[in-house]
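Participant: This is the structure I want to talk about, given as structure tokens.
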Amino acid sequence: MSFKHRVVIVGGGFGGLHTGKALNRPDVEVTILDRRNYHLFQPLLYQVATGGLSPGEIAAPLRAIFEMQKNLRVLMTEVRDFDLERKVVLSDMGEIPYDSLVLAAGAQTSYFGNDKWSPIAPSLKNIEDATKLRAKILSAFEEAEKESDPERRRAWLTFLIVGGGPTGVELAGALSEIANDALREDFRSFDPEDARIMIIDASPRILGAFSEKLAKSAERQLIEINVRCRNGVRVLGITPEGATVQANGQQEFIDARTVIWAAGVTGSPLGAALAKAAKVELARGGKIEVAPDCSLPGYPDIFVVGDLANFQHGLERSLPGVCQTAMQMGDYAGDLIGKRLDGKTKPPFRYWDKGNMAVIGRRRAVAQIGKLEFSGYFAWLLWAFIHVLYLVNFQSRIIVAIRWGFDYFSFNRGARLITRQDQQPPGS
Ligand SMILES: Cc1cc2nc3c(=O)[nH]c(=O)nc-3n(C[C@H](O)[C@H](O)[C@H](O)COP(=O)(O)OP(=O)(O)OC[C@H]3O[C@@H](n4cnc5c(N)ncnc54)[C@H](O)[C@@H]3O)c2cc1C
């Protein structure tokens, strides 16, 4: 048998998926390593957390995605470390040798050194987080139904979201839809419309990655659906009863039995492992600084793509941690590995900014595409179209479209189950 170039890709997210697809050629043997057996469409996690979609509708088995690509295999394993001299990946299933390595392990939630807040103020990064969050949100309404004291009931009906980026805004909008539409007729001792939904953010405005005009529009659209945004507010502490915050130099306590953390991410610990093995410093946000061709400086056979890469060359700001960045870097790294095998090369990586969107709820969104800015219904249509289109698995694409259509006309949120394994004791 002739020699095949072994490419090991760590991570089956958007970066890993696109690298693998770009390497569909017979002289290459591709192995994708992931701790999960599925690819997750993270932009729709908030829909699972708020009962709009079921987990299976936003995930697709990696094996199904690559069933036709015979030069690629998927191995489900936890990757731990790297031995760069011997060119092996160290994983729970042992050592896996590579000729080229592509690290696409993504990012994880950061509590900025306050990890003790994590059990009380859950975040949203994977399916497990989303189903736990869904149980927490729905349980808060159940507890409010049992509560006779008005103050305590108010605390159960207060939802505090820390972080005014797209995830915080999307969650707030979906929570408002639950309270104002889906659950409107479900409870007897209170009106779900009395729910208080609040976004707090330490920076002067929400949606910092968007223009000021669009951020203002988003804030107006949130107010229309009873979501309050408070900017310049810093969290000092979180307990099961609520959060202590600092605003205008004053401390205050917000009684909120549901606090959701949507404030930050940091690179996967595999970034730190690679940096240590290569004896380089980690960049800001726990990321790996990459060369203009997305490789690890000094290691032309190692590439870092997606959320874990810090790419700044010639740019005012590093590339954003979004799907487009991961997909384009993955395409590039895969293509470059192939080109090199053909004895060719490629110009440095260039990012094509296709725009930025955040959905606020039914008929409400903001979108920035080049110099064009949209808000309201048209932005929402654009958002819905693009998100359904990108759902990688054909079957879920159809199911999601049908479910959305049905919910749109019926004001329903069909996946609002509280399962015992996701449930935590009330107040925790
Ligand atoms: C709630 C939420 C909403 C978002 N909304 C948007 C949006 O609207 N638009 C947008 O463009 N972007 C959005 N993003 C960001 C987007 O999802 C990421 O930029 C993108 O997924 C990055 O792709 P990636 O391949 O770098 O990492 P990921 O997609 O995170 O994939 C990393 C993979 O690596 C695997 N992995 C990690 N560590 C190990 C290990 N040690 N061993 C084995 N496997 C491992 C993981 O299981 C995972 O499958 C959102 C993210 C979140 C969390």
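Participant: Does LEU53 count as at pLDDT 95 or above and of a type outside the set (Lys, Arg)?
Facilitator: Numbers: at pLDDT 95 or above: no; of a type outside the set (Lys, Arg): yes.
No: the conditions fail for LEU53.
Participant: Quick check on the stretch 160-170. Is at least one of its residues surrounded by fewer than 18 Cβ atoms within 10 Å (Cβ to Cβ) and within 12 Å of the ligand (Cβ to nearest atom)?
Facilitator: Restricting attention to the stretch 160-170, the residues satisfying the condition of being surrounded by fewer than 18 Cβ atoms within 10 Å (Cβ to Cβ) are none.
Looking through the stretch 160-170, none of the residues is surrounded by fewer than 18 Cβ atoms within 10 Å (Cβ to Cβ) and within 12 Å of the ligand (Cβ to nearest atom).
Participant: OK, next. Output the residues belonging to the stretch 361-378 that are under 26 Å from ALA182 (Cα atoms) and of a type in the set (Phe, Trp, Tyr).
Facilitator: TYR377, PHE378
Participant: If you don't mind, another one. Residues of the stretch 77-123 being hydrophobic (A, V, I, L, M, F, W, C), in a loop (DSSP other than H, G, I, E, B) and without any contact (Cβ under 8 Å) to a residue 60 or more places away in the chain, which ones? Spell out how you get there, then give the answer.
Facilitator: Of the stretch 77-123, the ones hydrophobic (A, V, I, L, M, F, W, C) are 79, 82, 84, 88-90, 93, 96, 101-105, 107, 112, 117, 120-121.
Checking which are in a loop (DSSP other than H, G, I, E, B) leaves us with 84, 93, 104-105, 112, 120-121.
Residue satisfying the conditions is MET93 alone.
Participant: Scanning for something within 12 Å of the ligand (Cβ to nearest atom), in contact with a His (Cβ under 6 Å, 6 or more places away or on another chain) and free of Cβ contacts under 8 Å to residues at least 60 places away in the same chain, does the stretch 62-72 turn up at least one residue?
Facilitator: Checking the stretch 62-72: at least one residue is within 12 Å of the ligand (Cβ to nearest atom), in contact with a His (Cβ under 6 Å, 6 or more places away or on another chain) and free of Cβ contacts under 8 Å to residues at least 60 places away in the same chain.
Participant: Moving on to the next point. Quick one: which of GLY321, GLY405, GLY330 is in the same structural domain as LYS279 (by TED's automatic domain parsing) and either over 25 Å from THR109 (Cα atoms) or part of a loop (DSSP other than H, G, I, E, B) (or both)? Break it down stepwise before answering.
Facilitator: Values: GLY405 fails: in the same structural domain as LYS279 (by TED's automatic domain parsing); GLY330 fails: either over 25 Å from THR109 (Cα atoms) or part of a loop (DSSP other than H, G, I, E, B) (or both).
Just a single option satisfies the conditions, and that option is GLY321.
Participant: If ASN180 meets every condition in (1) under 26 Å from the mean Cα position of the chain (by Cα); (2) surrounded by fewer than 24 Cβ atoms within 10 Å (Cβ to Cβ); (3) over 11 Å from ASP194 (Cα atoms) apart from one, which number is that one?
Facilitator: Every listed condition holds for ASN180 apart from (3).
Participant: I want to confirm something. Restricting to the stretch 261-315 and keeping residues that are of a type in the set (Val, Ile, Thr) and in a loop (DSSP other than H, G, I, E, B), which single residue is farthest from the ligand (Cβ to nearest atom)?
Facilitator: Keep residues of the stretch 261-315 that are of a type in the set (Val, Ile, Thr), which gives 265-266, 280, 288, 290, 302, 304-305.
Pick out the ones that are also in a loop (DSSP other than H, G, I, E, B) and you get 280, 290, 305.
Values: VAL280: 19, VAL290: 12, VAL305: 7 Å.
Filtering the stretch 261-315 for residues that are of a type in the set (Val, Ile, Thr) and in a loop (DSSP other than H, G, I, E, B), the one farthest from the ligand (Cβ to nearest atom) comes out as VAL280.
The values are calculated or read from the model by the stated rules, or taken from the named source; none is laboratory data. Given the structure is predicted, the values throughout are model-derived calculations rather than measurements. Neighbour counts run over all protein chains shown; Cβ positions are idealised from the backbone, glycine included.
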